[in-house]
Amino acid sequence: MICQFILCILIDFIEPFVRQVYFAIALFGCLGFTFQIALLADLISVIGLHSHCFYIYTKVLYNVEIKGLSVLWQVVRGNRYNVLKGRIEAHNYMNRQLYLATIFFSAILFLYPTTFVYYIVFATLKALTSTTLTIFDYFRQNLMYFPIKSIIIFFIKGCCKIDCLKIKRIFPLDKEFFVDNHHKVDVSFFKIET
């Protein structure tokens, strides 16, 4: 009940801003549909900027936790990685080192599910934003190269524009050759139709 009330207040607060944004996008419609698509894609990029930033943050935090868990797991088990020999060897840690390693290991282990869920959520948001932007860019690119204007003119007026000329070759009834200094010249006639 309280969540619905808060959601209604939030929607009432945000609605005028959303209307103004969509009114501005509709106002730019006189510049073309591809311009509107590009403007909407830029708006989605700006709105999705926080999800991209949080995705990078959670990705780094997730990688740090994975590395910390793997290192602390070796310490809790009483092992360490020998850099010179390139292998894991047994090591005698002091009690306070094992105690601190156990505390840090358990803290990171209990924080891991939360970090993992945040990582999945923001990775999904980033993927959805990127997919939406890719789809908008695909439609914008295809609309820029699709001959919509020519197709509309063809259906409305037919082929009466200057760019719709037909050139037809007319063969003369008798082929006459002009002779100029013993060279034969073939003459062809063309008829231009609209």
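Annotations
- Number of the exception - Tyr99 against (1) open to solvent by 70 Å² or more (accessible area, probe 1.4 Å); (2) farther than 30 Å from Leu72 by Cα; (3) of a type in the set (Ser, Thr, Tyr): (2)
- Residue selection: Cys160 fails the criterion of being open to solvent by less than 70 Å² (accessible area, probe 1.4 Å) and at pLDDT below 75.
- Pairs linking a residue in region 111-132 that is among the hydroxyl-bearing types (Ser, Thr, Tyr) to a residue that is in a helix (DSSP H, G or I) and open to solvent by 70 Å² or more (accessible area, probe 1.4 Å), with Cβ atoms under 7 Å and 6 or more positions apart or on different chains, are Tyr119/Lys59.
- Considering the conditions (1) over 39 Å from the mean Cα position of the chain (by Cα); (2) modelled with pLDDT under 85; (3) surrounded by 10 or more Cβ atoms within 10 Å (Cβ to Cβ), Pro172 is excluded by exactly one of them, (3).
- Any pair with Cβ under 9 angstrom, 6 or more apart, that starts in region 57-85 at a residue that is on the phi > 0 side of the Ramachandran plot and ends at one that is at pLDDT below 90: Gly78/Ala90; Gly78/His91; Gly78/Asn92; Gly78/Tyr93; Gly78/Leu98
- Tyr119 being surrounded by 14 or more Cβ atoms within 10 Å (Cβ to Cβ), of a type outside the set (A, V, I, L, M, F, W, C) and over 30 Å from Phe33 (Cβ atoms): yes
- Meets criteria (surrounded by 13 or more Cβ atoms within 10 Å (Cβ to Cβ) and assigned to a helix (DSSP H, G or I)) for Ala107: no
The values are calculated or read from the model by the stated rules, or taken from the named source; none is laboratory data. Since this is a predicted model, take the numbers as computed values, not measurements. Positions of Cβ are generated from backbone atoms using ideal geometry, with glycine treated the same way; all protein chains shown enter the neighbour counts. Heavy atoms of the whole protein, side chains included, go into the accessibility calculation; ligands, DNA and RNA do not. Shrake-Rupley method; radii C 1.70, N 1.55, O 1.52, S 1.80 Å.
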